[in-house]
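Asks: So that we are looking at the same thing, I have put the structure below in structure tokens.
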Amino acid sequence: MFKLQVIVCIAVALAGTRSSAQQTYRRADVDTLGQLRIITVSGREIDPRKDSDQVAFDQAAVSDDHWSVGWVGLYRNCCTSYPIPLKLVVLTDGTTRTFAGDGLPVWRWSFSPDGKRIAFRQAPIHGEDHSHFELRDLRTGRLVGTFDADSTNLRDAPMWVRALQPPA
């Protein structure tokens, strides 16, 4: 009976830990040609492929816990002279998840301090009349929170939304 209790205790303790075989990331950079390069802690280089309509990568970042790496994909736009960030992509737990929210450009995003969630801000190409914010769980991709903002309700926004506001 005692051995069974010890085994159960060890199993419970290990259930919340990540596999040592999981990939961890040292850094993520976008070169002058818009190509993303991810460097793992073991020194391996990963060069993700672009989507068929994607022209470049941008806003690459590694989570503070080094278990996730994220970036936005830049796409041509008929009405601007520059590409726009339409998709947020995050690689974590061996899974690549793509977030497009409500279809507006993803202008800002960040990992939560514990590395378990991402938050992103979307807004129209020109003007700041409306911003859409989403908070997502990285392991499941599940929507955890959403906030739609205009200039009148930002004071009431949750902290994760206020953290994504453009600098004044």
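Asks: Only one of these is of a type in the set (Gly, Ala, Ser) and touching a residue at least 24 places away in the same chain (Cβ under 8 Å): Ala149, Ala119, Ala123, Ala100. Name it.
Replies: So the residue among Ala149, Ala119, Ala123, Ala100 that is of a type in the set (Gly, Ala, Ser) and touching a residue at least 24 places away in the same chain (Cβ under 8 Å) is Ala119.
Asks: Give me the pairs: first residue in segment 33-44 and within 14 Å of His66 (Cβ to Cβ), second residue of a type in the set (S, T, N, Q) and surrounded by 15 or more Cβ atoms within 10 Å (Cβ to Cβ), beta-carbon distance under 7 Å, and six or more apart or on different chains, which are they?
Replies: Here the result reads Thr40/Gln23; Thr40/Thr24; Val41/Thr24, each pair linking segment 33-44 to a residue that is of a type in the set (S, T, N, Q) and surrounded by 15 or more Cβ atoms within 10 Å (Cβ to Cβ).
Asks: Go through Pro85, Pro124 for me and flag whichever is buried (at least 19 other Cβ atoms within 10 Å of the Cβ) and not aliphatic (A, V, I, L, M).
Replies: Exactly one residue qualifies, and that residue is Pro85.
Asks: Here's another thing I want to ask about it. Can you tell me which residue in segment 20-48 is nearest to Asp114 (Cα to Cα), limited to those that are more than 15 Å from the chain's Cα centre (by Cα) and in a strand (DSSP E or B)?
Replies: Only one residue tops the list, namely Arg26.
Asks: A further question follows. Take Asp51 and tell me if it is closer than 22 Å to Val161 by Cα, more than 10 Å from the chain's Cα centre (by Cα), not in a strand (DSSP E or B) and not basic (Lys, Arg). Don't jump to the end; show me each part of the working.
Replies: On the way: closer than 22 Å to Val161 by Cα: no; more than 10 Å from the chain's Cα centre (by Cα): yes; not in a strand (DSSP E or B): yes; not basic (Lys, Arg): yes.
No, not satisfied.
Asks: Just to verify a result, which residue in segment 37-58, among those that are of a type in the set (A, V, I, L, M, F, W, C) and closer than 22 Å to Ser110 by Cβ, is surrounded by the most Cβ atoms within 10 Å (Cβ to Cβ)? Walk me through how you get there before you give the answer.
Replies: First, the residues of segment 37-58 that are of a type in the set (A, V, I, L, M, F, W, C): 38-39, 41, 46, 55-57.
Next cut, closer than 22 Å to Ser110 by Cβ only: 38-39, 41, 46, 56-57.
On the way: Ile38: 20, Ile39: 16, Val41: 12, Ile46: 14, Ala56: 18, Phe57: 24.
Filtering first and then ranking leaves Phe57.
All of the numbers you see were taken from the coordinates with simple rules; none came from a lab. Quick caveat, the model's predicted, so the values are computed rather than measured. Neighbour counts are summed over all protein chains in view; Cβ atoms, including those assigned to glycine, are modelled from backbone coordinates with ideal geometry.
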